[in-house]
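Since every read-out is calculated from the coordinates, none of them should be taken as a lab result. Predicted, not measured: the structure shown is a model, and the values here were computed from it. Note that each Cβ is placed from the backbone with ideal geometry, even for glycine, and that neighbours are counted across all protein chains shown.
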Amino acid sequence: MKTLVKLTAKTRRGKNKINEHGEIWEWDKTAGIRAHITNRVFLISEKDNDWRWIFPTNDPDFIMEVLSIHSPISARLDNAHRCMLV
């Protein structure tokens, strides 16, 4: 499953990170026990594969908004549907 999130900057540091690495990130839910213990989520930039840990709520630098959740099966069905339309 692929979950995309949009980061919005709250601070100058957040704005710099978004300018460098983009505002769309993938939420990697395979981070496991470390994410559970620290109450953070592990994000990977869609733009350049940079990564970072953030708090999903009350992060000092970012506001996180979940955009979409894609499963590999739904992606294959979408591709098959597009091929049928061509």
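The Cβ shell under 10 Å around Ala9 holds other residues with a net charge of +3, Lys and Arg each +1, Asp and Glu each -1.
Ignoring aspartates and glutamates fewer than eight residues from Lys2 along the same chain, the ones with Cα atoms less than 18 angstrom from its Cα are Glu23, Glu26, Asp28, Glu46, Asp48, Asp50, Glu65, Asp78.
Suppose R0 equals 30 Å; then what is the FRET efficiency for Arg34 and Leu67 from their Cβ-Cβ distance, rounded to the nearest 0.05? About 0.80, to the nearest 0.05.
Order by neighbour count: Phe42, Phe62, Phe55, fewest other Cβ atoms within 10 Å first, most last.
Phe55, Phe42, Phe62
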